[in-house]
Amino acid sequence: MRRIFTLVLIALLLGVGVVAIIETDPGYLLIAYGDYTLESSLWVGLVLLFLFTVLLYVLIALFRRLLGGQKSLSGWLDARRYRQATRLTNRGLVHYIEGNWSKARGELLRGARKNEAPLVNYLLAASASGRLGEPDQIEQHLLAAADSNAAANIAVALTRAEIQLQAGQYQQAINTLQEARRSPGRYPQALSLLKRAYIGLGDGAGLAELLPQLRKHRVINAEEQAALEQDLYGGMLRSAGDSAGASLDTVCETWHKLPAEAHTDPEIIRSYASLLVSLGGNALAEKTILQELKKRWDPALVRLFGFIQSADVRRQLATAEDWLADHASDPQLFLCLGRLAARDKLWGKSRDYFEKSYRLQRSAETCAELGRLLDALGEPKVAAAYFREGLLLQEDRLPSLPKPEKTVPDQRLLTRG
């Protein structure tokens with residue numbers, strides 16, 4: 001309170017001093033411009049100058065605030081549009097993942113209109129239209145995607161190819177991917193789509209040409225590579241063996257065209273040996289099987305060895321019997337020995353080998369061999385028992401059906417008089 005009183009007192013004294021100075025000598029101020037003049041005392045002029053300066057400062061501050069407000073308003077509107085575009089795009093993505101294609105397309109397109117980078121919106125909208133089976137909409141959205149980003153032609157091509165693959169248009173997809181295929185290192189997804197297209201077309205030659213690039217750029221892992229190679233090279237062998245003009249020479253020519261790694265694949269070797277046997281290439285089949293069995297034991301090849309019609313069956317049987325020293329518990333070996341012994345007309349030995357195979361593993365194939373051998377040897381009842389057991393072993397392939405009760409006769413089975 002004392003401070004306020006002191007300040008008021010000082011202000012009054014200053015006021016009295018200023019008034020005294022003004023009354024003593026008010027001064028004189030003259031401003032002339034052209035024919036106009038302005039006369040005033042010096043102190044009034046100073047007051048007017050002060051007021052003018054304050055007014056000018058206020059106007060400049062107001063002008064700056066107005067300009068800043070426009071920028072702030074513009075920034076707020078831009079931020080709002082961005083949030084709306086993000087929200088719509090996110091909702092569209094959720095609908096797309098959930099498989100709600102129509103809703104996804106609508107939200108994505110609404111988000112694209114407010115998005116500065118709508119490429120992804122248009123690409124996904126095109127994909128959703130593909131799911132809905134609307135080709136006109138697909139083309140419209142792909143063109144919009146291309147217009148939104150001139151550097152995204154490969155992304156547009158990949159999306160187009162994906163849609164074509166979904167529609168089963170495999171050859172069109174291959175044509176679409178040709179530009180991306182020239183730079184497989186930059187666009188590995190193109191290789192993956194090409195793989196699907198060649199598999200869809202059943203184009204083994206095209207897939208075989210693509211396989212080295214799939215390996216090089218790690219588009220497939222080791223397991224997928226092995227499965228793909230087996231399907232591819234095995235399919236090429238089967239096609240050669242199943243064609244109208246199939247011959248032993250055709251199969252051998254196809255085998256030699258396969259890459260070196262295919263010649264070491266067990267599954268492909270089995271397919272090759274089986275084709276050789278079916279086409280009468282017994283000598284080559286025997287050589288192939290024996291070479292492979294020296295490297296590793298394969299029960300499937302041992303079984304196939306029993307199908308070979310060798311010119312020297314006794315030597316063939318002796319070769320197979322030598323394997324007993326290391327593989328005396330292999331049912332496929334005894335099955336093979338039984339067939340070779342039967343081919344050499346050693347009926348007792350054949351029966352013994354078949355029965356040993358049966359004791360190691362009861363299979364429909366072994367039961368069938370025992371059945372037909374024993375029937376030929378004059379033991380029809382025992383043969384019938386083996387045939388019956390062989391059929392029962394295949395019962396798991398039959399559908400489950402109710403069985404009639406043995407103790408209660410079904411009146412529907414009686415013949416009406």
Checklist entry - Can you pull out the chymotrypsin sites (Phe, Trp or Tyr not before Pro) in the range 190-268 that DSSP calls coil and that have at most 15 other Cβ atoms within 10 Å? => result none
Checklist entry - Given springs between every Cα pair under 10 Å in a Gaussian network model of the chain, which of 61, 32, 260 has the largest fluctuation? => result 32
Next on the checklist: Given the -39500 (n - 2.57) contribution per DSSP H run of 4+ residues, what per-residue ellipticity at 222 nm results for the chain, rounded to the nearest 500 deg cm²/dmol?
Outcome noted: -23500 deg cm²/dmol
Checklist entry - On alpha-carbon atoms, Rg over Rh for the range 193-315 using Kirkwood Rh? => result 1.02
Item to check | For the chain, diffusion coefficient by Stokes-Einstein and Kirkwood Rh (Cα), 25 °C, 0.890 mPa s, µm²/s | outcome: 77
Checklist entry - Roughly speaking, what is the stretch gain from residue 83 to residue 151, that is 0.36 nm per residue apart minus the C-alpha to C-alpha distance, in nm to one decimal? => result 21.9 nm
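Exposed loop sites here are trypsin sites (Lys or Arg not before Pro) in DSSP loop states with at most 16 other C-beta atoms within 10 Å. What is the longest stretch of the chain lacking them?
1-181
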Checklist entry - When the accessible area of the chain is split by element with a 1.4 Å probe, what percent falls to carbon and sulfur? => result 57
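Please work out the average accessible area per residue across the range 278-417, using the 1.4 Å probe convention, and give it in Å². The partial results should precede the final answer.
Numbers: 9100 Å² over 140 residues.
With all protein chains present, the range 278-417 gives 65 Å² per residue.
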Item to check | Heavy-atom accessible area per residue - the range 148-242, 1.4 Å, Å² | outcome: 51
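Per the Kirkwood formula on distinct C-alpha pairs, the Rh of the range 219-278 is how many angstrom?
Details: mean 1/r = 0.0853 Å⁻¹.
One decimal place: 11.7 Å for the Kirkwood radius.
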Checklist entry - Under a GNM of the chain (C-alpha, springs under 10 Å), which listed residue has the highest mean-square fluctuation: 169, 394, 230? => result 394
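Could you tally the net charge around residue 324, taking each other residue with its Cβ under 12 Å from the Cβ of residue 324, Lys/Arg +1 and Asp/Glu -1?
Working: positive: 356; negative: 321, 322, 326, 330.
Net local charge, residue 324 excluded: -3.
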Next on the checklist: Can you give me the distance in nm between label points at residue 224 and residue 49, each placed 7 Å from the Cα along the Cα-to-Cβ direction?
Outcome noted: 8.5
Checklist entry - Using the C-alpha gyration tensor of the range 279-372, what are the square roots of 5 times its eigenvalues, in whole angstrom, with the largest one first? => result 20, 15, 12
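Suppose we flag GluC sites (Glu not before Pro) only when DSSP calls them loop and at most 14 other Cβ atoms lie within 10 Å. Which is the longest uninterrupted stretch of the chain?
Details: sites that count: 116, 405.
It runs 117-404.
Set the Förster radius R0 to 30 Å, insert the Cβ-Cβ distance between residue 384 and residue 329 as r into 1/(1 + (r/R0)^6), and round the FRET efficiency to 0.05. List each step's numbers first, then the result.
Values: r = 29 Å, r/R0 = 0.97.
According to the calculation, E is roughly 0.55.
What do you get for Rg/Rh over the range 260-315 if you use C-alpha atoms and the Kirkwood form of Rh?
On the way: Rg = 10.7 Å, Rh = 11.3 Å.
Ratio of gyration radius to Kirkwood radius: 0.95.
The values are calculated or read from the model by the stated rules, or taken from the named source; none is laboratory data. The shown structure was predicted, so the numbers you read here are calculated from the model rather than taken from an experiment. In this analysis, Cβ positions are derived from the backbone assuming ideal geometry, glycine residues included, and neighbour counts consider all displayed protein chains. SASA here: full protein model, heavy atoms, side chains in, ligands and nucleic acids out. Shrake-Rupley method; radii C 1.70, N 1.55, O 1.52, S 1.80 Å.
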